[in-house]
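The values are calculated or read from the model by the stated rules, or taken from the named source; none is laboratory data. Model, not experiment: these values are computed from the prediction. Here the Cβ positions follow ideal geometry from the backbone for every residue, glycine too, while neighbour counts run over all protein chains shown. All accessible areas refer to the heavy atoms of the entire protein, side chains included, with ligands and DNA or RNA removed. Shrake-Rupley method; radii C 1.70, N 1.55, O 1.52, S 1.80 Å.
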Amino acid sequence: MSNVVLKKKLDEINQMKVYYNAYLLEKNPPGSIFAAKTPNCSITAYQSGKVLFQGGGCQTEAGKWGSSEPTSTSKTQKNTGASHLPENIGSLSVIGSDEVGTGDYFGPITVVAAYVKKEQIPLLKELGVRDSKDLNDEKIIQIAKQIKDIVPYSLLTLHNEKYNTLQQSGMSQGKMKALLHNKAIGHLLKKISPDQPEAILIDEFAKEDIYFRHLSKEPVIHRKNVYFSTKAEGIHLAVAAASILARYAFVQHFEKLSKAAGFHLTKGAGAKVDEAAARLISEKGKEALPAFVKLHFANTQKAIKLFEKKYK
Ligand code: MN
């Protein structure tokens, strides 16, 4: 049996965990963060940062996350995503694009493309726009309300019903995201025309070639001056603004869903989420789930089990 070992940082391992959500195993081996088994590959991520891919499909699977270079080169590897960015990109007029909700069991995926002109950068800084991971929802809502009228943006929301239909038809989350980003960028380019951004920066969720492969059947593909980088929120405030606006939209939809459920739903995909979903099943029936959740997440089976144990 072949295997590949990658060395990854914790936030990347968390991204992987979300990606393999539908394949997570219930039991984690000692010292591991998660273990998952796809039809072709077993994946085990350890607290040390080592991620082990085993089985026939391990090369392909590991390939999605980078090459297995020795850990000593991981510093240079970390920057490869940003290596071809224009050097002064942080001070250009840029469309930034980011998404929210991909790892949340309850709620939609929201994608926002936002246009920040270079002369707006100081004002946005003043208003507190920065990496949304450093901000709580309360602060995000406050900033979003202030910037939504000064930053042109386009928001797309992929609701749960539609998400589940697409997912069940075989579409990957990566492809959904690519389609949404491309569309949001298109809408925004129209909105700001005849003005044109000097660069378009997408917070990287897939390698460039995979992103464009996902778009191959789209009637319009925006490629001009499109750049990808991980942690793009820190590279240009347009991505940070997009992320804040996407989070704001997500939170608003989440509140609507909570209202429809009749109780407070839980964000993320952890054990509390399983409990909320079990309660939802008990109150609205299993058939209500598709309007609230991303059905293919492992949470669905866990919630059904919990429901049977607790409410039947
Ligand atoms: Mn992102």
*May I ask you to list the residues in segment 155-179 that are within 17 Å of the chain's Cα centre (by Cα) and hydroxyl-bearing (S, T, Y)?*
T157, Y163, S172
*Output the residue which, of all residues in segment 24-50 that are of a type in the set (S, T, Y) and surrounded by 17 or more Cβ atoms within 10 Å (Cβ to Cβ), is farthest from K64 (Cα to Cα).*
S32
_Top-ranked residue of segment 215-233 - restricted to ones that are buried (at least 16 other Cβ atoms within 10 Å of the Cβ) and within 16 Å of the ligand (Cβ to nearest atom), ranked as farthest from D131 (Cα to Cα)_ = V226
_Looking at segment 238-257, I want the residues that are touching a residue at least 24 places away in the same chain (Cβ under 8 Å) and more than 15 Å from the ligand (Cβ to nearest atom) and have a partner that is of a type in the set (D, E) and open to solvent by 10 Å² or more (accessible area, probe 1.4 Å) with Cβ atoms under 7 Å, at least 6 apart or on another chain. Which pairs are those?_
V251/D137
_Residue check for V129: within 16 Å of the ligand (Cβ to nearest atom) and closer than 14 Å to A240 by Cα_ = yes
_Show the residue pairs meeting these rules: Cβ distance below 8 Å; 6+ apart or different chains; first residue within segment 181-206 and within 18 Å of V100 (Cα to Cα) and of a type in the set (F, W, Y); second residue within 16 Å of the ligand (Cβ to nearest atom) and in a loop (DSSP other than H, G, I, E, B)._
F205/T102
*Which of the following residues is aliphatic (A, V, I, L, M) and open to solvent by 20 Å² or more (accessible area, probe 1.4 Å): L280, L265, L295, L289?*
L295
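To keep it simple, each residue is scored yes or no on (1) in a strand (DSSP E or B); (2) in the same structural domain as M171 (by TED's automatic domain parsing); (3) at negative phi; (4) not hydrophobic (A, V, I, L, M, F, W, C).
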residue	(1), (2), (3), (4)
D11	no, no, yes, yes
A22	no, no, yes, no
F34	yes, no, yes, no
P39	no, no, yes, yes
F53	yes, no, yes, no
Q59	no, no, yes, yes
